[in-house]
Structure formats: structure tokens, C-alpha cells
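A.B. asks: Could you have a look at this structure, given as C-alpha cells, before my questions?
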């Protein structure tokens with residue numbers, strides 16, 4: 001089993017963060033396996049029969065850090081092992097995080113601060129370089145890269 005963990009902070013309430021996570025889950029076409037006031041377990045719809053990857057699963061934990069912020073922890077897992085499964089899992093977690101960040105940004109610009117990257121706001125060129133790096137590493141597929149690039153460029 002391959003596993004991956006990511007943490008980041010949102011400048012929004014825990015309740016709003018949970019609502020946004022559910023919105024992103026629905027948009028991605030994933031299933032909600034369990035839901036509580038501070039956790040959400042979601043699973044990717046089964047890939048096509050010809051796919052080489054297993055469905056990814058993400059456990060989302062939300063904990064308040066202050067009155068107007070919360071920390072989101074994503075614990076992802078996938079049944080298979082090896083680079084194909086690991087990259088698929090990381091790509092799906094990145095896709096979830098990107099969609100969540102874009103959803104929050106639409107409501108309140110400058111509201112996400114990922115802890116896995118350097119602090120501060122990335123410029124458009126930095127974000128494009130990050131996407132290109134993920135594509136080169138195999139974390140993103142060409143289709144996911146093109147979609148993310150299109151969202152960034154508006």
C-alpha cells in the first residue's frame with residue numbers, strides 16, 4: 001500500500017473548510033465514505049477497467065488553529081505499490097489540493113498557505129514552473145497539467 005501525507009493551512013473556519021472539501025469532492029466525482037464535524041474520508045471513483053492504477057483514498061482532517069484559520073491534513077492511500085500507484089496518489093492529492101485552493105481563492109484571495117512549499121504567495125510563473133515539475137516527475141498526467149495550466153491562465 002502506498003501512502004502520502006500533506007498539510008496546509010486555510011484562512012477560513014473549520015466548518016467552512018469542511019463544506020468546501022465536500023464541494024471539491026463532488027466536483028471531482030469522488031464518493032464520501034464517512035463524514036464528521038472535523039473529518040472527511042473520500043475515495044476516487046473506480047478508474048476505467050484498462051487503467052493501471054487503483055482508486056485513491058484520502059482522509060481529510062480539519063483542526064482549528066485560530067478563530068479564522070484551520071489546518072487541513074490529507075492522508076492519502078492507495079492499494080497498489082510502486083511508482084505508478086504512488087504518482088497516481090500524489091497526483092490525485094495534488095488535484096484535490098489545487099481545486100480546494102482555487103475554490104477558496106474565488107471566495108477570498110490570499111487565503112491559502114501550503115506548508116509544503118515556501119511561505120508567501122507564488123507568482124503565476126512560479127505556479128507554472130511547479131506544475132511543469134510535477135508533470136516531469138510523473139505526478140501529473142498531460143491532461144491534468146493542461147487543465148491546471150488553463151485554470152491558472154484563466
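The values are calculated or read from the model by the stated rules, or taken from the named source; none is laboratory data. All values reported here derive from a predicted model rather than from experimental measurement. Cβ placement follows ideal geometry from the backbone for every residue including glycine, while neighbour counts extend to all protein chains displayed.
A.B. asks: Go through (1) under 17 Å from residue 98 (Cα atoms); (2) part of a strand (DSSP E or B) one by one and return the number of the condition residue 40 breaks.
C.D. replies: Only one criterion is unmet by residue 40, namely (1).
A.B. asks: Then there's this: Would it be correct to say that residue 57 is in a helix (DSSP H, G or I) and at pLDDT below 90?
C.D. replies: Working: in a helix (DSSP H, G or I): no; at pLDDT below 90: yes.
Spelling it out, it is not the case that residue 57 is in a helix (DSSP H, G or I) and at pLDDT below 90.
A.B. asks: In this structure, is residue 36 more than 18 Å from residue 140 (Cβ to Cβ), out of contact with any strand residue (DSSP E or B) (no Cβ under 7 Å at 6 or more places or on another chain) and surrounded by fewer than 16 Cβ atoms within 10 Å (Cβ to Cβ)? Can you show your working first?
C.D. replies: Working: more than 18 Å from residue 140 (Cβ to Cβ): yes; out of contact with any strand residue (DSSP E or B) (no Cβ under 7 Å at 6 or more places or on another chain): yes; surrounded by fewer than 16 Cβ atoms within 10 Å (Cβ to Cβ): yes.
Answer is yes for this residue.
A.B. asks: Sticking with this structure for a sec: How many residues are more than 15 Å from residue 102 (Cβ to Cβ) and in contact (Cβ under 8 Å) with a residue 12 or more places away in the chain when one looks only at the stretch 16-37?
C.D. replies: 8
A.B. asks: Could you list, in sequence order, the residues of the stretch 58-71 that are surrounded by fewer than 20 Cβ atoms within 10 Å (Cβ to Cβ) and without any contact (Cβ under 8 Å) to a residue 60 or more places away in the chain?
C.D. replies: Residues of the stretch 58-71 surrounded by fewer than 20 Cβ atoms within 10 Å (Cβ to Cβ): 59, 61, 63-69, 71.
Selection gives 59, 61, 63, 64, 65, 66, 67, 68.
A.B. asks: For the stretch 114-146, what are the residues that are modelled with pLDDT of 75 or more, touching a helix residue (DSSP H, G or I) at 6+ places or on another chain (Cβ under 9 Å) and in a helix (DSSP H, G or I)?
C.D. replies: The initial filter retains those residues of the stretch 114-146 that are modelled with pLDDT of 75 or more, namely 127-146.
Still in the running and touching a helix residue (DSSP H, G or I) at 6+ places or on another chain (Cβ under 9 Å): 127-128, 131-132, 134-135, 137-142, 144-145.
Those that are modelled with pLDDT of 75 or more, touching a helix residue (DSSP H, G or I) at 6+ places or on another chain (Cβ under 9 Å) and in a helix (DSSP H, G or I): 127, 128, 131, 132, 134, 135, 142, 144, 145.
A.B. asks: Okay, moving on. Kindly establish whether residue 74 is touching a residue at least 60 places away in the same chain (Cβ under 8 Å), outside the structural domain of residue 147 (by TED's automatic domain parsing), surrounded by 13 or more Cβ atoms within 10 Å (Cβ to Cβ) and not in a strand (DSSP E or B). Lay out the reasoning, then the answer.
C.D. replies: Numbers: touching a residue at least 60 places away in the same chain (Cβ under 8 Å): yes; outside the structural domain of residue 147 (by TED's automatic domain parsing): yes; surrounded by 13 or more Cβ atoms within 10 Å (Cβ to Cβ): yes; not in a strand (DSSP E or B): no.
When the stated conditions are applied, residue 74 does not pass them.
A.B. asks: Based on this model, can you work out whether residue 95 counts as out of contact with any helix residue (DSSP H, G or I) (no Cβ under 7 Å at 6 or more places or on another chain) and in a helix (DSSP H, G or I)? Please lay out each step first, then the result.
C.D. replies: On the way: out of contact with any helix residue (DSSP H, G or I) (no Cβ under 7 Å at 6 or more places or on another chain): no; in a helix (DSSP H, G or I): yes.
No.
A.B. asks: Scan the stretch 79-108 for residues that are at pLDDT 85 or above and more than 16 Å from residue 134 (Cβ to Cβ) and jot them down.
C.D. replies: Within the stretch 79-108, 100 is the sole residue that qualifies.
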